[in-house]
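To start, the structure under review is shown below, and the notes come after it.
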Amino acid sequence: MSRETPTPPAPAAVPTGDAGRTFLVVVDRSVEFRTALRFACRRVLNTGGKVALFHAVPHSDYHHFAAIEELMRHEAKTEAERRLQQIAADVHKTTGRFPDLHLRQGDTLEQLFAVIGANPSIDMLVLGASVGPEGPGPIISALSGKLAGKILIPVTIVPGDLREERIDALT
């Protein structure tokens, strides 16, 4: 009796370029955030994939008055949820896809690392750099300083004053 050697299954299709990638953008109220968001959305439009939005609500410093602290925490979380939903609607209008939303409570850098670690689908972090005299921003400063090499995905830093036409040409 002859035995046939089973044929191995064909390898799964591997996306080429940026197809299927998730671009994580940190949401804040800075001008450079909008630049990073546009960059990520344009990459998704031109190469595929999707956007993910991250925001961390810092802990309150009102530990002496528990009721006030809880109220402040609730209000901050509600405002953050509302803002993420508004930005998600903008991303959907631009890319045709709703982004993944990651809202956390606590230190921004700690929570950012936790979200990236818990979501292997996140392939790239997109940050907008402030061009003011105060420096590029706390996340970029930390990632290029004491935390350099600790983040396990590529980081794209977009100059905060990059014009829309230039972003569109680059992406």
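Summing Cβ point charges (Lys, Arg +1; Asp, Glu -1) relative to the Cα centre of segment 22-170 gives a dipole of roughly 500 debye.
Full extension of the chain between residue 107 and residue 119 yields a length gain of 2.5 nm, computed as 0.36 nm times the residue separation minus the alpha carbon distance.
Close amide H partners of residue 56, meaning residues 5 or more places away or on another chain with modelled amide H under 5 Å apart, are 104. Computed over segment 94-171, the percent of Cα pairs more than 18 Å apart is 52.
With both labels modelled 7 Å from their Cα along Cα-to-Cβ, the residue 166 to residue 152 distance reads 3.5 nm. Amide H contacts of residue 20: 49, each under 5 Å away and 5 or more positions distant or on a separate chain (H built 1.01 Å from N in the peptide plane; Pro and chain starts excluded). 3J(HN,Hα) along segment 41-53, derived from phi through the Karplus expression 6.51 cos²θ - 1.76 cosθ + 1.60 where θ = phi - 60°, amounts to 4, 5, 4, 5, 4, 8, 10, x, x, 7, 9, 10, 10 Hz, with x in place of Gly and Pro. Ratio of Rg to Rh for segment 22-170: 0.98 [Cα atoms; Kirkwood radius as inverse mean 1/r over pairs]. Here the spin labels are modelled as points 7 Å beyond Cα on the Cα-Cβ line, and at residue 45 and residue 81 they lie 3.1 nm apart. Couplings for segment 132-141, taken from phi via the Karplus curve 6.51 cos²θ - 1.76 cosθ + 1.60 with θ = phi - 60°, read x, x, 6, x, x, x, x, 6, 4, 4 Hz in order; Gly and Pro are left as x.
The trypsin sites (Lys or Arg not before Pro) of segment 107-171 meeting both criteria, a DSSP state outside H, G, I, E and B (loop) and at most 13 other C-beta atoms within 10 angstrom of the site's C-beta, are 146, 150, 163. Under 27 Å of direct C-alpha separation, and excluding same-chain neighbours fewer than eight residues apart, residue 150 reaches these lysines: 50. For segment 69-74, backbone phi angles converted through the Karplus equation (6.51, -1.76, 1.60; θ = phi - 60°) give residue-by-residue couplings of 4, 5, 5, 5, 4, 5 Hz, Gly and Pro being listed as x. With a Förster radius of 41 Å applied to the beta-carbon distance between residue 74 and residue 144, the computed FRET efficiency rounds to 0.75. Near the amide H of residue 101, within less than 5 Å, lie the amide hydrogens of 53, all on another chain or at least 5 residues away, with H placed in the peptide plane.
Bear in mind that the values in this text are calculations on the coordinates, not laboratory data. Quick caveat: nothing in here was measured; it's all calculated off a predicted structure. Every residue, glycine among them, receives a Cβ derived from its backbone with ideal geometry; neighbour counts consider all protein chains shown.
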